[in-house]
Structures are given as structure tokens and as C-alpha cells.
Amino acid sequence: MDPLALARWQFGITTVYHFLMVPLTLGLGPVVAFMQWRWLRTGDERWLRLTRFWGKLYLINFIMGVATGIVQEFQFGMAWSEYSRFVGDVFGAPLAMEGLLAFFFESTFLGLWIFGWDRLPKRIHLATLWIAVAGSIVSAFFIIVANSWMQHPVGIAMVDGRPRLVDIWAVLTNSTALAAYAHTLTGALAVAGGFLLGIAWYQLWRRRHEGIDVLRSDGRLRVGTDPDDPSRDAADHRVWLSALRIGAVVAMVGFAGVAVTGDAQGKLMFQQQPMKMAAAEALCESGTDFSVLSIGDVASRDCSTIRPVIVVPGLLSFLATGNTTTTVPGVQQLVPVYQQRYGTTLPTGTKYGARSGQAIDYVPDVRVTYWGFRIMIGFGAIAAFAALVALWLTRRGTVPASRWLSRLAVFGILAPFGANAAGWVFTEMGRQPFVVAPNPTPGGIDGVWMFTAAAVSPGVSAGEVLFSVIALTGIYAVLLVVEVFLLVRFVRGGVASAMPELAAPAPAEQDDVLAFAY
């Protein structure tokens, strides 16, 4: 057992799991705030119901995101102490800003929003939510800034072999950070849109399946009320139809933004990390064509085993440079360049341990980069197309009665989540064998890099890391079950799960400040 491999697995498992919550929080927050703003402007109870229901799901996800995110900071010191020692002077600044500024705003004002229903003036209550949402968005920015510095080091000077921060503005305006941040936010909107669409579709289908809403022979919809549940009335139908259409629009806007920002990221990747670009294409020899599908042993370092089957001429050059003629260097051409710049073997030293002197493989795991890139694009495109189809199919005010379409809509919620997770896995795995990637051009600081092999804590044994991997994976699995259980429970309960007074009005003397939080 290799402590380095186990530490990477641990960080990968916890980070990917945590990131399942992050995009939903970032994307759903502004949508809930918009719904409450509409209620304040119009007084329409539909918007109040939307705010309370989706706000409930937002809170469940937010709490789980906080619980799973705390572990991330501890891992830097426990499993990656050499990394923390190397980048701490730079990495610590944006993380401190995230914790001391953004997260405190986020948590404080979200608490005011939770407990402020019917206690704060409506405008102030709405303002607390907008501030909390802004805190989440700013928090994400600082995290992206820290991660992007690992991809493209800027704003530092090397002192005694360690990077020292000399220009915080350069770090905050890092071109890699700005592109990644926009990409993350638009990806979050796609997640939130798919989440709204899938759940709203399920609720509208239930109303049809249970005979509450009936599509008459003339094509007109008769909206009814459930005699056993007064909360499922005509206003309830308007709630779910509005949620579905909002979700579809948000998903399409999000995917359009992902396409634009992803294009910008691709061009930066070509300039800053050309090996990642080549690995994303399984491009062993230089070329200009984009491979839709390649066959062969992509894990092999022998390029002769990989053969493109379906290609789009000139598209790879366009993604990299904006034109269709520039040649993109392949793996075979880049490996000698990397070897000349950064060496052929790992240096000797205590932080490398038994890995001292080992040959350096500059090619990332092509299986992960090639398929991760395509899963990211494919799932995102599927989600956007599904949103467009949903708008067309609900033009009569409800969804088709088909059970399999309803199940497809619910499972479709996972597509943008999968796209986001695949994108992050590709981003992080694609820069290997570096944990801090070298970027001599453009705008990067030459001579700044760190091999992943040097980043792991030297005093941590394989057994200790294995124990923490098993423990954290088990705990996170339990948290996943808890979150899914809570979400499913409240989704099945409908709006009444967030507003029980709609189904059975509470006694006048009841005054429980925690009712909305429950």
C-alpha cells in the first residue's frame, strides 16, 4: 500500500462528494431568493409556496455541504503537510478570506433568514437571504482562487525554495481563476435548473396519475384539488408548473454559460497546461482534429494502440486557439519538452522517501482525462436538451402521463451533477504528476511547481491513511443516505412538507421558532 495513492483516493472521495452539494447550493440559492422577491413584489401565494418548499431543500443541502466541507481543511495538515508547508504563504490568504469573510456572512444571514419568518420585516428578511446567497458566491470565488493558483501560479516570489505572496491582486485576478469561477457558477445554475425540473415534473405527474388534474379530450387541462389533501389545490398546480419552467430556463441558461466559459478555459489550458489538453484528447501525435470517439488501450503509453474512429476536423484547434489550422502538440511531442524542463526522475530527499529517483511519468491517466472530458460535455448537453424538450411537452400546462418519462425526468437530475463531478475530476487529474502545475507562460511564474509525490505527509503510514479513508468513506456514505432520505421525504410531501399549515392549519397558540428549520 502506497500512502501517496491512498491519500489521493481519500482527497478525491471527500472532495467529489462535497462538490455534489456545492453546485446545488450555489445555483439554488439565487433561484430561491428570486422566488421570495417575486412574492414580495406581487403578493402571489404561489411564490411564497415556491420559496418555502425550495428553501427547505436548499437548507438541507447547505447543512450537508458544510458538514462535508470541514474535513477538507483538516486533510491539508494530516495527509498533505509538505504541500501545506510549500504553498501555505499563498494558499492561506484566499482560504482565510473565505472563512473569515464569506462564510461568516453566509452562515449568519442564512440563520437570520431561517428564524426571521414572520419576525423580520419582509424586505429585511429578503435582504438576509440575498446576503447569504452573495456570501456563498463570494466563498466559492476564494476557493476557486486557491485552486487556480495550483493550476497557474502567479503573484509570488520564490524565497528559500518556497513561494511567498507578493501580489494578492495578481492572485485574485488570475486568468485561470476568473475562467474557472465563471464556469463553476454557470455549471451550478445547470445543476439547480435540472433539480427544479426533475422534482416539479414528478409532482405534476403525480397529480395526473392520481386523477387530480385531467387532460380532456379537447386538449384542455382540468385542474382539480385532492379531497384528502387541501394543500394540493389549483395553486399547487401553478407552483409546480412555474418551478418546472423556471428550472428549464435556468438549466438552458446555465448550459449556455458553461459552453462559453468552457471555451475560454480550453484556450487557457492549451497555453498553460498543454499536456492536459493532449491527454483530454488521447492525442498522442500532434494534430488539429477533435476525437468524438477513439478506440484502443488509452492506458497504454504506446500511442500506436489508440486510433480515432469519429473525428471533427479542425475542432480541436478551434477549442485550443480559436482557429481551425493551428497544430495542437501531442503527448509524444510534449514528453521530451517536459523532461528537459523538469527532469526525468524525481529528486532525492526525505520528502520523496522511497520514491526518490523514480522515473517521472508526465502523461496523466488518459482513461480519466479522455472520458472525464466527454462525460462532462455529454451530460451537460443531455441536461440542456432535456430542458428544451420539457418546455415543449408542458405547453398544455402539465406533463405527459407516461410513467417512464417521469422516471427519466427524476433520474435526469443526476446528469448535471455528473457533468460537474466529471469536470472537476478531469481538472485535477489532468495536471498530474504535479500538485502545483508549472506555468512558464503566459503570465505564470517560471520555476514554481511541486510534484504530487513530494506533497504527501512523510510521517503518515499507509495503515493510518487507509484507516482514515475507510472511516471517512463510511461516514460520508451515511451522510449521503441521510441527505437523500431527507430530500426524498420532503419532495414526496410536496409544499405541505414546508408549509404544514396548508394541509392542517396549526392551532393559533402554537409559536415554535424552529418550525421552519424542522
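Coordinate-derived values only; no laboratory data. Everything quoted here is computed from the prediction, not taken from an experiment. Don't worry about glycine lacking a Cβ; one is built from the backbone with ideal geometry, like all the others, and counts go over all protein chains shown.
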Just report the Cα centroid separation between the stretch 118-162 and the stretch 380-415, whole Å. 34 Å
Near the amide H of Gly287, under 5 Å away, which other amide H atoms are found, from residues 5 or more places off or on another chain, if H is placed in the peptide plane? Val328, Gly330
Projected onto the charge dipole of the stretch 12-154 (+1 at Lys/Arg Cβ, -1 at Asp/Glu Cβ, origin at the Cα centre), which of Ala140, Val87, Trp37 gives the Cα projection farthest towards the positive end? Trp37
Is it possible to state the helix-based mean residue ellipticity at 222 nm for the chain, with each DSSP H run of 4+ residues giving -39500 (n - 2.57), the sum divided by total residues, to the nearest 500 deg cm²/dmol? What is it? -22000 deg cm²/dmol
Name the trypsin sites (Lys or Arg not before Pro) in the stretch 161-233 that are in a loop by DSSP and that have at most 14 other C-beta atoms within 10 Å, would you? Arg216, Arg220
Taking a label point 7 Å from the Cα of Ala264 along Cα-to-Cβ, the residues of the stretch 410-433 whose backbone nitrogen sits under 12 Å from it are none
Mean separation of Cα contacts under 8 Å (at least 6 apart) over the residue count of the chain, i.e. the relative contact order in percent, is 22 percent
Magnitude of the Cβ-charge dipole of the chain, K/R +1 and D/E -1, about the Cα centre, nearest 20 debye? 1180 debye
Efficiency of FRET between Thr225 and Arg396 - r from beta-carbon atoms, R0 22 angstrom, step 0.05: 0.70
Determine the gain in length on full extension of the stretch Ala471-Val159; use 0.36 nm per residue of separation and subtract their C-alpha separation, reporting nm with one decimal. 108.5 nm
Taking 8 Å as the Cα distance limit and 6 or more residues as the minimum spacing, I'd like the relative contact order of the stretch 190-349 as a percentage. 19 percent
Using the charge dipole of the chain (Lys, Arg: +1 at Cβ; Asp, Glu: -1 at Cβ; taken about the Cα centre), state which of Ala170, Phe373, Phe451 has its Cα farthest towards the positive end. Phe373
At 7 Å along the Cα-to-beta-carbon direction for both Arg374 and Phe485, put a label point, then send me their distance in nm to one decimal. 3.9 nm
Sites Ala359 and Glu210 - FRET efficiency at Förster radius 56 Å, r taken between beta-carbons, to 0.05: 0.30
Which angle from 0 to 90°, rounded to the nearest 10, does the C-alpha axis of helix 366-393 make with the longest principal axis of the chain? 20 degrees
For the chain, take the longest principal axis of its alpha carbons; what is the angle in degrees between that and the long axis of helix 331-342, to the nearest 10 within 0 to 90? 70 degrees
Answer with a single label: of [x] 200; [y] 166; [z] 146, which was calculated as volume of the Cα convex hull per residue in Å³ from the structure in view? [y]
What is the stretch 268-378's relative contact order, in percent, from Cα pairs under 8 angstrom and six or more apart in sequence? 30 percent
What trypsin sites (Lys or Arg not before Pro) in the stretch 390-430 are in a loop by DSSP, with at most 10 other Cβ atoms within 10 Å of the Cβ? Arg395
Starting from 0.36 nm per residue, how many nanometres of slack lie between Ala234 and Thr108 once their C-alpha separation is accounted for? 41.7 nm
DSSP loop (so not H, G, I, E, B), at most 11 other Cβ within 10 Å: list which trypsin sites (Lys or Arg not before Pro) in the stretch 36-121 pass both filters. Arg119
Taking Cα atoms only, helix 45-78 is inclined relative to the longest principal axis of the chain by an angle, in degrees rounded to 10, of 30 degrees
